[in-house]
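Structure first, commentary second.
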Amino acid sequence: MQASTYQTVGQPLPHESARLHVAGSALYTDDLPERHGTLHAAFGLSDRAHARVLAIDLEAVRSAPGVVDVICLDNIPGHRYLGPVVADEPVLADEFVHYVGQPLFAVAAATHHMARRAARLAKVQYEDLPITLTAQQGAEQASYVLPPVRISRGDIEAALARGPRRHSAELTCGGQEQFYLEGQVAYALPGENAEMQVYCSTQHPSEMQSMVAHVLGQPAHTIRVECRRMGGGFGGKETQSWQFATVAAVLAQRSGKPVKMRADRDDDFLITGKRHDFRTRYDVAYTDDGLITGIKFEHQLRCGYSADLSGAVADRQVFHTDNTYFLDTFDIRSLRVRTNTQSNTAFRGFGGPQGILAIEYVMDDIAMRLGKDALDVRKINFYGREDRNLTPYGMTVEDNVIHELVDQLETTSDYRARREQIRRFNAGSTILKKGLALVPVKFGISFTATHMNQAGALLHIYTDGSVLINHGGTEMGQGLNTKVAQVVAEELGLDIGRVRVSGTDTSKVSNTSATAASTGTDLNGKAAQDAARKIKAALCRYAADHHGCDESQIVFAGNHVMCGDHPPIPFDIFVQSAYKARVPLWSSGFYRTPKIHYDFKTLTGRPFYYFVYCAACAEVVIDTLTGESRLLRADILYDAGRSLNPAVDLGQIEGGFIQGMGWLTTEELWWNDAGRLMTHAPSTYKIPSISDCPAVLNVAFFDNGNAENNIYQSKAVGEPPLPTAVSVLLAIRDAVAATGQGALPVLNAPATPERILDALASVQAPLPTILPDDDTLAEAPPAEIGYD
Ligand code: MTE
Ligand code: HPA
Ligand code: MOS
């Protein structure tokens with residue numbers, strides 16, 4: 001990678017809290033010293049998936065040891081229905097419950113255990129109602145949280161009929177629990193004159209502030225939300241921290257005591273939403289070379305009982321159904337299915353991985369049908385540089401580097417030679433079979449909701465020359481604060497040790513967006529840079545006046561300020577003299593992403609400022625008797641632009657890839673027929689551990705700038721690595737295919753041993769000879785959208 005020309009930006013500096021993390025002295029919300037008299041709260045949960053609540057007897061709860069207060073929906077003083085987009089979620093259940101785990105009431109007691117024990121004592125009478133559990137069931141019943149969306153170009157039926165080759169099939173893929181190590185938690189402290197301070201583990205302090213204000217029926221200026229750090233969020237705390245924050249605040253207001261609400265792991269699993277699982281049906285036509293000539297998708301996304309962010313997640317699935325491929329004639333439908341399950345929400349990738357998996361699965365289908373190497377089929381479908389570069393949503397791909405990036409990974413991973421080695425290995429091995437797959441990713445960066453692409457910062461320089469930066473983003477382990485500190489240090493020519501980032505606080509920077517969509521550094525880094533540049537401009541005017549030098553010649557570097565011929569002035573001496581000359585040493589900063597616009601009704605425009613490109617090559621081995629699989633080696637090439645911090649970025653790439661592998665291999669969410677989630681603890685829900693990581697994991701950065709003026713020409717790194725793990729699933733499918741006689745392996749995700757055994761059985765079936773010649777997908781509703 002090209003050496004950085006900067007002092008601090010581009011350096012592989014350790015995470016700003018790394019030492020605190022390993023020493024156990026980093027404070028998370030539950031570690032904050034508790035105020036005297038603190039109460040602890042717990043929810044009573046619905047144990048029906050869909051029912052009318054006929055009667056609820058809370059006498060035993062109220063009289064349980066230590067209980068101070070018990071509240072239901074009627075006790076909420078302000079707004080009773082909330083939601084990030086649609087206010088369709090009651091703070092506590094109303095007359096109806098919509099999933100097993102829905103909070104029905106809340107208890108405040110002297111201790112956490114007393115509150116949890118008491119919450120079990122309620123006697124609830126239900127009248128059961130019919131339940132809808134899966135995306136497929138919901139789609140069949142046209143049960144939606146939001147109306148279906150469809151985008152299309154050209155005459156899809158004619159293209160499919162023309163072929164010359166065609167097939168249709170379907171794929172299902174499971175959801176994923178965010179499994180942040182620190183669960184949901186909020187600590188509400190009542191103050192004077194109706195003030196409420198809430199410490200909350202959340203990616204979105206401003207939304208928590210606004211929701212607490214609504215629920216209490218108070219103005220936002222009475223509520224202050226702070227979050228120093230999270231022990232992981234992964235999207236699960238973009239919206240769904242609200243129920244903990246609001247209910248803790250209501251109980252605190254009623255009792256006049258501080259109230260903490262911390263979810264036990266099982267309750268967290270039962271209450272909160274996850275990654276959207278989905279079923280996709282597709283019908284594709286292609287040439288003998290494997291070039292797609294027409295493709296039709298219907299994505300059925302399980303949204304759960306309410307809208308939450310499902311509209312935006314489903315949109316992002318549509319926006320990533322092309323991945324790195326030009327689709328000339330297409331028809332993509334997206335169904336946002338309502339079910340009696342947790343309300344699914346953001347999870348790293350936010351629908352993007354779901355779109356990418358769908359088309360990558362189809363690429364493999366085509367290659368297997370044609371007897372070609374899947375990489376060759378992928379390549380001929382890539383977006384072009386000058387033509388064939390219009391996305392399905394009408395944005396032109398201008399920064400395409402996928403050809404060069406994939407060529408480089410093909411070489412560095414030794415793809416062709418290993419393909420041959422694996423073929424030979426498989427020929428000589430009956431029980432163990434190996435598989436290989438190289439999967440590219442193109443990931444769009446920006447919130448699709450244009451207005452969310454803004455950020456603010458507040459920068460203070462103290463007279464000893466130390467610097468404090470506060471910004472609207474939240475730290476969840478991803479290294480945002482480290483990168484923002486690097487930006488500020490670079491701008492002011494200081495060592496990183498002179499810059500400290502303080503916790504996110506709604507009373508310092510207001511109306512912030514969630515830290516999400518991988519935009520944390522892009523937005524807040526630019527806002528912090530703006531603040532630093534404003535102070536620098538004021539300091540330069542002062543120095544020019546004071547030392548009689550040219551303003552444009554003043555340089556801030558190496559903890560000094562250079563003003564023309566004047567000897568370098570130590571930064572602290574310089575700011576002291578500026579302070580005495582009454583120059584303000586603090587400033588706000590602001591940033592809004594340029595160029596983007598997007599019409600959410602037609603799903604067209606330029607939703608993304610730029611694209612991140614990356615690719616992974618995965619080699620696996622499966623045991624055909626037990627269905628077990630293991631990732632042996634992975635090579636990842638990632639375009640981080642000019643990486644702000646290659647050490648932090650490396651961690652994000654490895655972590656994202658392994659988290660994606662968990663989604664597609666071992667993490668299985670399973671609801672029983674009554675709609676109860678049975679996999680709600682690490683005993684039954686298997687996330688990857690260190691022993692699941694491959695012995696060989698090579699990560700390299702692709703040498704590239706950002707074609708757009710992003711912060712120091714870097715590119716985002718939070719989410720795009722995750723879908724590179726599609727390579728692991730497809731490598732498993734490749735290994736399964738090696739056992740058959742040419743039939744297409746049906747491998748749904750997650751590829752647990754059971755599903756791998758099913759897939760092995762599927763390749764023993766004969767290849768269907770009669771292909772469907774009529775439209776096998778249900779008629780779409782009248783085109784809301786479509787352009788030629
Ligand atoms: N990395 C860690 N360690 N913990 C997290 O919770 N969340 C991911 C990603 N990387 C996450 C993480 C998600 S979902 C997003 S959107 C981005 O970080 C958000 O941070 P950024 O925009 O600052 O990259
Ligand atoms: N990504 C992540 N979170 C979001 C988005 C998005 O595009 N839109 C709203 N919240
Ligand atoms: Mo990330 S899913 O955008 O919080």
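Worth pointing out:
- Which listed residue is assigned by TED's automatic domain parsing to the domain that holds Tyr415, out of contact with any strand residue (DSSP E or B) (no Cβ under 6 Å at 6 or more places or on another chain) and either basic (Lys, Arg) or at pLDDT 95 or above (or both), from Gly740, Gly656: Gly656
- Flag if Glu491 is open to solvent by less than 10 Å² (accessible area, probe 1.4 Å), away from ligand 3 (no atom under 16 Å from the Cβ) and touching a residue at least 60 places away in the same chain (Cβ under 8 Å): yes
- Residue in the stretch 187-201 that is open to solvent by 10 Å² or more (accessible area, probe 1.4 Å), part of a loop (DSSP other than H, G, I, E, B) and under 30 Å from Pro682 (Cα atoms) present: no
- Residues (open to solvent by 20 Å² or more (accessible area, probe 1.4 Å), within 16 Å of ligand 3 (Cβ to nearest atom) and not in a helix (DSSP H, G or I)) located in the stretch 433-453: Ala449
- The listed residue being farther than 18 Å from Phe43 by Cα and part of a helix (DSSP H, G or I), out of Ala312, Ala285, Ala245: Ala312
- Hits in the stretch 414-469 (condition: of a type in the set (S, T, N, Q) and over 30 Å from Arg228 (Cα atoms)): Gln421, Asn426, Ser429, Thr430
- Filter result (open to solvent by 10 Å² or more (accessible area, probe 1.4 Å) and in a strand (DSSP E or B)) within the stretch 315-335: Arg333
- Checked against the criterion of being of a type in the set (Val, Ile, Thr) and open to solvent by less than 40 Å² (accessible area, probe 1.4 Å), the candidates Thr666, Thr684, Thr679 yield just one match: Thr679.
- Filter result for Ile469 (open to solvent by less than 10 Å² (accessible area, probe 1.4 Å), touching a Leu at 6+ places or on another chain (Cβ under 9 Å) and either modelled with pLDDT of 95 or more or β-branched (Val, Ile, Thr) (or both)): yes
- Residue match in the stretch 511-532 (condition: away from ligand 2 (no atom under 16 Å from the Cβ), of a type in the set (Ser, Thr, Tyr) and modelled with pLDDT of 95 or more): no
- Matching entry among Ile622, Ile653 (being open to solvent by less than 30 Å² (accessible area, probe 1.4 Å) and over 24 Å from Phe350 (Cα atoms)): Ile622
- Comparison of Thr430, Thr412 shows that the only residue that is hydroxyl-bearing (Ser, Thr, Tyr), out of contact with any helix residue (DSSP H, G or I) (no Cβ under 9 Å at 6 or more places or on another chain), loosely packed, with under 13 Cβ neighbours inside 10 Å and farther than 30 Å from Thr448 by Cβ is Thr430.
- Among the residues of the stretch 224-257, those identified as more than 16 Å from ligand 2 (Cβ to nearest atom) and open to solvent by 10 Å² or more (accessible area, probe 1.4 Å) are Arg224, Glu226, Arg228, Arg229, Gly231, Gln243, Gln253, Arg254, Ser255, Gly256, Lys257.
- Single residue of the stretch 359-374 satisfying the filter (of a type in the set (A, V, I, L, M, F, W, C) and surrounded by 22 or more Cβ atoms within 10 Å (Cβ to Cβ)) that is nearest to Phe278 (Cα to Cα): Ile359
The values are calculated or read from the model by the stated rules, or taken from the named source; none is laboratory data. Keep in mind that what you see is a predicted model, and the values were worked out from it rather than measured. Because the Cβ atoms are built from the backbone with ideal geometry, glycine has one as well, and the counts that use them run over all protein chains shown. Surface accessibility is based on the protein's heavy atoms, side chains included, excluding ligands, DNA and RNA. Shrake-Rupley method; radii C 1.70, N 1.55, O 1.52, S 1.80 Å.
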